[in-house]
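Chemist: This is the structure I have questions about; it appears just below.
All of the numbers you see were taken from the coordinates with simple rules; none came from a lab. Worth saying up front: this structure is predicted, and the values here are computed from it rather than measured. No Cβ is skipped: glycine too gets one built from the backbone with ideal geometry, and neighbour counts run over all protein chains shown.
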2 protein chains.
Amino acid sequence: MRVMPASEFSLQREVEYGTPEQNESVQRIIEEVRRDGDAALRKFAQQFDGVKIEELRVTQEEIEAAYAQVDESFLTALREAAVNIRRFHEKQMRNSWMDLQADGSILGQAIRPLRRVGLYVPGGKAAYPSSVLMNAIPAQVAGVPEIVMVTPPATAGLEGINPHILVAAAEAGVREIYRVGGAQAVAALAYGTESIPAADKIVGPGNIYVALAKRSVFGAVDIDSIAGPSEIVVLADETADAAYVAADLLSQAEHDEMASAILVTPSRELAEAVRLEVDRQLSELPRRDIAAQSIRDYGAILTVDSLTEGVGVVNRLAPEHLEIIVREPFDYLSRIENAGAIFLGPYSSEPVGDYFAGPNHVLPTNGTARFSSPLNVDDFLKKSSVIYYSKEALLRDGENIITLARHEGLDAHARAIEIRLKKEGDQRG
Amino acid sequence: MRVMPASEFSLQREVEYGTPEQNESVQRIIEEVRRDGDAALRKFAQQFDGVKIEELRVTQEEIEAAYAQVDESFLTALREAAVNIRRFHEKQMRNSWMDLQADGSILGQAIRPLRRVGLYVPGGKAAYPSSVLMNAIPAQVAGVPEIVMVTPPATAGLEGINPHILVAAAEAGVREIYRVGGAQAVAALAYGTESIPAADKIVGPGNIYVALAKRSVFGAVDIDSIAGPSEIVVLADETADAAYVAADLLSQAEHDEMASAILVTPSRELAEAVRLEVDRQLSELPRRDIAAQSIRDYGAILTVDSLTEGVGVVNRLAPEHLEIIVREPFDYLSRIENAGAIFLGPYSSEPVGDYFAGPNHVLPTNGTARFSSPLNVDDFLKKSSVIYYSKEALLRDGENIITLARHEGLDAHARAIEIRLKKEGDQRG
């Protein structure tokens, strides 16, 4: 792992938005689903997944069978995680409010859940039960009445839907599940088919075809942000345990080759010790090929003169995950401007947040923490402004409104007020 | 204005996303600004606006001169509107929170303003001072330290920047203003030039070139939603004043030819009276050509059997603006699922909200109220999750975290926990 002064480093990753062929293929799939509905979904399942689908919807019996296939230890861990995730997201919930003014007017904001949300869950090896919880529970906490899941009928040597995914869905309260994946699943959620009613929003990760399809249907429905390559930055001083730091860097690096794992430290000793630990631990990892490439291409140990300089480096990188393993980690919290999730102290290892603590693991990637937030309950709520103007308020403010409308050349706006002032003023006078 | 049963109506407007030529032109402009910075901005000002720019930044003297050019009545109205807008948006403000758990862990959410926001303001006749307030004040309330405005140096027969725009900016607390417009202004805000530091988010309306440029730079920076054609729906019963309803429909119709103005009513008498009033009032409007085309193409009076049916029609249309002018308007509020702003009763005419009451006039258009919200303070805040796990909590939850990580095949995640359990458990034991 390279060691270098922070001032000489910049993280440059070119993100791929799909080839023209992939884009065209996705457009064709979407159009065909809009035109042929369920028939197109069955055709693509045969074509892409090699599966002949009878029933698109997963049955209650299949969900019960999935429970029989998962370990007790998995179910226990999943349920405790779900409790924590639910409790944390409940703190984010917001309520409608109305304010009565002295003149009898009422202004407010109605806050309501989206009606129907579609959750995409990848199949095969990239099927993560934790992602099912992280995407479904905030929607459930928001009060979304219809949460529906789509997932491929089979992938790469796996027959049927991964039982851990079905169990995670059931634990998160998702009962409407369809065996359909890829761009065709996104199209079905956006436009609806005979079997799958259209949703208002689509969330969840997927491969490049899923990502391109989500971008394409955005506008007809809402989508979550499309995840880019992810990062961990560890800001540490000489009190940090090098083995912990190295393990945490590698837990991010194993995700994929474009992931970036960066240590920022004023301690030369820690820098050297982490460098050695990364090499040592890397050799033992099952996913060492992925992790090694990530560390080589996008990993770095950045030396700084002080933790204050380190904070500046962190804010420039705006990492998805930030660990602060220093003597007084809370002292730095208010100075961190840009980070998706901030892990404080030696025991707050990134996987604690990925799986269990409660905050969401869907986080802004690739520097977008400058302006984006973790997935949260607000993402499943919508607001409407409420305006009730009293007659008294309109008579008082009418001339000001007319003045502003006339200055913008919008005469019909002015007249909508004038017609009322004239009639109501006459009646009053 | 056509009168028809609601069941036979659907609103179909094909939204234009720019010609290939426009898209290519925007790409070229963006690349040139990234490469040549200020020089490109000067070149395009000459080319598109016919203006030779000396200083890009508007001076304090120019802002003061603008104050001398606006009416006292305008300034009074603008200032009162700003007070109302600020007061309403302050109610939306949210604070960071942290929760101490019994095991010593701390979980929370840090909520912070974006650092720098760019506000695009169109030039010429489409320059709306009210839009400056509606876009800048929520950012200011959120605590954004740097709010910067860009606006074309001149447009269509107007020399220099509209003084009403400069005054509105100053009243909203915006002091950093650059005379640059079009796609080049968006590129400057997204990537920065020698004179204009890059922003984290770009908001504000613009022509097709501005909209295409915003779509293109999204990802490098955040953007607000791109406004589509807008709507008003009036849900009214026989107690409504036909002249008021007609005036409100026309105040939306005058915006542009693709705007849609729709009355939904169970009263045949009101339907007929409004139809006559629209014709009568339309003939008096300065912008009657625009309004007439909007009414003809996208306007309608929809008859329903009951207000309950009418509520269903409203929710299907998901209008940007909804007026409810019925006997007990508040009785319907909780049944409205989809609407950007809801105006209740006969005195809450749409222009009251466009200009003055306080809620934002930047609203979800073209049916996106199903999943989008009015521009609000949250749009200028970002959240970071905060996780401080105690040693006790990690020792308790470690095995569950390892179980979940192993089931997802993410071994390095499991090891980051194991290495701590081993060392800390040993020390404890």
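Chemist: Given H placed 1.01 Å from N in the peptide plane, which residues other than close sequence neighbours of B:Ile223 have an amide H under 5 Å from its amide H?
Modeler: Under 5 Å from the amide H of B:Ile223 lie the amide H atoms of B:Ile202, each far enough along the sequence or on another chain.
Chemist: Quote to one decimal, in nm, the extra length available between B:Glu62 and B:Asn207 on full extension: 0.36 nm per residue of separation minus the C-alpha distance between them. List each step's numbers first, then the result.
Modeler: On the way: separation 145, 0.36 × 145 = 52.20 nm, distance 2.56 nm.
This chain segment gains 49.6 nm when fully extended.
Chemist: Okay, next question. Provide Rg and Dmax in Å for the stretch A:110-173, with only Cα atoms included in the calculation.
Modeler: 12.7, 48
Chemist: Of B:Gln69, B:Val210, B:Leu166, which is farthest towards the positive pole of the stretch B:37-223's charge dipole, taken about the Cα centre with +1 and -1 on the beta-carbons of Lys, Arg and Asp, Glu respectively?
Modeler: B:Val210
Chemist: Within the set of other residues whose C-beta is less than 11 Å from the C-beta of B:Arg406, count the net charge using Lys and Arg as +1 and Asp and Glu as -1. All intermediate terms of the calculation are to be shown ahead of the outcome.
Modeler: Numbers: positive: B:Arg415; negative: A:Asp71, B:Glu399, B:Glu408, B:Asp411, B:Glu418.
Combined, the nearby Lys, Arg, Asp and Glu give -4.
Chemist: Further question on the same structure: Eigenvalues of the Cα gyration tensor times 5, then square-rooted: what semi-axes does that give for the protein assembly as shown, in whole angstrom, largest first? Before the final figure, lay out the partial values.
Modeler: Values: eigenvalues 460, 217, 124 Å².
Largest first, the protein assembly as shown gives 48, 33, 25 Å.
Chemist: Using just the Cα positions, wrap the stretch B:37-223 in a convex hull and report its mean projected area in square nanometres, one decimal place. Each step should come with its number before you reach the end.
Modeler: Values: hull surface 49.7 nm².
So the mean shadow area of the Cα hull is 12.4 nm².
Chemist: For the stretch B:93-237, what proportion of DSSP beta bridges, expressed in % and rounded to the nearest 5, is antiparallel?
Modeler: On the way: 5 of 20 bridges.
Among the beta bridges of the stretch B:93-237, antiparallel pairing accounts for roughly 25 percent.
Chemist: Separate question: Between B:Glu16 and A:Asp305, what is the spin-label point distance in nm, taking each point 7 Å from the Cα along the Cα→C-beta axis?
Modeler: If labels sit at B:Glu16 and A:Asp305, their model points lie 5.7 nm apart.
Chemist: List the residues whose amide H sits under 5 Å from the amide H of B:Met149, counting only those 5 or more places along or on another chain, with H placed 1.01 Å from N in the peptide plane.
Modeler: It is B:Leu119, B:Glu176, B:Ile177, B:Tyr178, by chain and number.
Chemist: Karplus couplings for the stretch A:257-268 from phi (6.51 cos²θ - 1.76 cosθ + 1.60, θ = phi - 60°), rounded to Hz, Gly and Pro as x?
Modeler: Each residue of the stretch A:257-268 in turn: 5, 8, 5, 10, 10, 9, 9, 10, 8, x, 9, 5 Hz.
Chemist: Where the centre of each part is set by its Cα atoms, how far does the stretch B:5-74 sit from the stretch A:383-429, in angstrom?
Modeler: Between the Cα centres of the stretch B:5-74 and the stretch A:383-429 lies a distance of 31 Å.
Chemist: A follow-up question, please. How high is the relative contact order of chain A? Use alpha-carbon pairs under 8 Å, at least six apart in sequence, and give a whole percent.
Modeler: Numbers: 810 pairs, mean separation 85.8, N = 429.
Once normalised by length, the contact order is 20 percent.
Chemist: Also, quick follow-up: Could you calculate the FRET efficiency of B:Glu392 with A:Leu75 from 1/(1 + (r/R0)^6), where r is the beta carbon distance between them and R0 is 22 Å, rounded to 0.05? List each step's numbers first, then the result.
Modeler: Numbers: r = 24 Å, r/R0 = 1.10.
That pair, B:Glu392 with A:Leu75, gives E of 0.35.
Chemist: While we're looking at this one, here's another question. With axes computed from alpha carbons, what is the tilt in degrees of helix A:129-142 against the longest principal axis of chain A, rounded to the nearest 10 within 0 to 90?
Modeler: Roughly 20 degrees between the two axes.
Chemist: Please give the residues of the stretch A:243-267, grouped as numeric ranges, whose backbone N is less than 11 Å from a label point set 7 Å along the Cα-to-Cβ vector of A:Gln293.
Modeler: Residues A:256-259 fall inside that zone.
Chemist: So if I place +1 on the C-beta of Lys and Arg and -1 on the C-beta of Asp and Glu, and nothing else carries charge, what would the dipole magnitude of chain B be about its Cα centre? I want it in debye, nearest 20. Display every interim value, and only then the final one.
Modeler: On the way: 43 positive and 63 negative charges, 317 e Å.
In total the dipole reaches around 1520 debye.
Chemist: For the protein assembly as shown, give the share of DSSP beta bridges that are antiparallel, in percent and rounded to the nearest 5; count only bridges with both residues there.
Modeler: On the way: 28 of 108 bridges.
Antiparallel bridges make up about 25 percent of those DSSP assigns within the protein assembly as shown.
Chemist: Return the subset of A:Lys91/A:Lys125; A:Lys383/B:Lys91; A:Lys125/B:Lys423; B:Lys214/B:Lys383 for which the Cα-Cα distance in this structure is over 25 Å, preserving the input order. List each step's numbers first, then the result.
Modeler: Working: A:Lys91/A:Lys125 33 Å; A:Lys383/B:Lys91 13 Å; A:Lys125/B:Lys423 31 Å; B:Lys214/B:Lys383 23 Å.
With Cα atoms farther than 25 Å apart: A:Lys91/A:Lys125; A:Lys125/B:Lys423.
Chemist: Determine the sum of side-chain charges near A:Leu166: Lys and Arg each +1, Asp and Glu each -1, restricted to other residues whose C-beta is under 13 angstrom from that of A:Leu166.
Modeler: Numbers: positive: A:Arg57, A:Arg175, A:Arg179; negative: A:Glu61, A:Glu62, A:Glu64, A:Glu171, A:Glu176.
Around A:Leu166, the surrounding residues sum to -2.
Chemist: As a test, work out the antiparallel percent of DSSP beta bridges whose residues both lie in chain A, rounded to the nearest 5. Kindly include the intermediate steps, with their values, before the conclusion.
Modeler: Working: 14 of 50 bridges.
Of all bridge pairs located within chain A, approximately 30 percent are antiparallel.
Chemist: Below 8 Å, C-alpha to C-alpha, sequence gap of six or more: please give me the relative contact order for the stretch B:4-150 in percent. If you can, show how the numbers build up before the last one.
Modeler: Values: 92 pairs, mean separation 23.9, N = 147.
Value for the stretch B:4-150: 16 percent.
Chemist: Using amide H atoms built 1.01 Å from N in the peptide plane, name the residues 5+ places from B:Leu410, or on other chains, whose amide H lies under 5 Å from its own.
Modeler: So B:Leu410 has HN proximity to no qualifying residue.
Chemist: Where does each of B:Glu14, A:Glu257 land when they are ranked from fewest to most other beta-carbon atoms within 10 angstrom? Display every interim value, and only then the final one.
Modeler: Numbers: B:Glu14 7, A:Glu257 16.
Ordered from fewest to most neighbouring Cβ atoms within 10 Å, B:Glu14, A:Glu257 come out as B:Glu14, A:Glu257.
Chemist: Grab the Cα-Cα distance for B:Ser25 and B:Leu421, subtract it from 0.36 nm times how many residues apart they are, and report the gain in nm with one decimal.
Modeler: Working: separation 396, 0.36 × 396 = 142.56 nm, distance 5.86 nm.
Here the segment from B:Ser25 to B:Leu421 would lengthen by 136.7 nm.
Chemist: Shortest first and in nm to one decimal, what separations exist between B:Arg175 and its copies in the other chains, measuring from label points 7 Å along the Cα-to-beta-carbon line?
Modeler: Label point to label point, same position, other copies: 5.9 nm.
Chemist: In nm, to one decimal, how far is the A:Lys52 label point from the B:Val83 one, both placed 7 Å along Cα→Cβ?
Modeler: Label at A:Lys52, label at B:Val83, 7.6 nm between them.
Chemist: ³J(HN,Hα) across the stretch B:286-291 via Karplus (A = 6.51, B = -1.76, C = 1.60, θ = phi - 60°), whole Hz, x for Gly/Pro?
Modeler: Calculated HN-Hα couplings, in order: x, 9, 5, 5, 4, 4 Hz.
Chemist: Let me ask another. Placing the label point 7 Å from Cα along the Cα-to-Cβ direction, what are the distances from B:Asn207 to the equivalent spots in the other copies, shortest first, in nm to one decimal?
Modeler: 4.4
Chemist: Using the count of nearby Cβ atoms within 10 Å as a rough guide to exposure, how do B:Ser73, B:Ser283, A:Ser348 rank from fewest to most?
Modeler: Working: B:Ser73 15, B:Ser283 9, A:Ser348 27.
Going from least to most buried by this count: B:Ser283, B:Ser73, A:Ser348.
Chemist: Continuing with this model, one more query. Given the rotation relating B and A, tell me which residue in B puts its Cβ closest to the axis and the distance in Å.
Modeler: B:Asp378, 3
Chemist: Shifting gears a bit: Which order do B:Ser25, B:Ser251, A:Ser10 fall in if you start with the one that has the fewest other Cβ atoms within 10 Å? Walk me through the intermediate numbers first.
Modeler: Working: B:Ser25 16, B:Ser251 28, A:Ser10 8.
In order of increasing Cβ crowding within 10 Å: A:Ser10, B:Ser25, B:Ser251.
Chemist: Applying the Karplus parametrisation 6.51 cos²θ - 1.76 cosθ + 1.60 with θ = phi - 60° to the phi angles of the stretch A:22-27, what ³J(HN,Hα) value in whole Hz is obtained for each residue in order, glycine and proline being reported as x?
Modeler: 5, 4, 5, 4, 5, 4
Chemist: Based on alpha-carbon centroids, what's the gap between the stretch B:250-315 and the stretch A:227-304 in Å, whole number please?
Modeler: 63
Chemist: If you put a point 7 Å past Cα along the Cβ direction, how far is that point for A:Arg35 from the same point in each other copy, in nm, smallest first?
Modeler: 4.1
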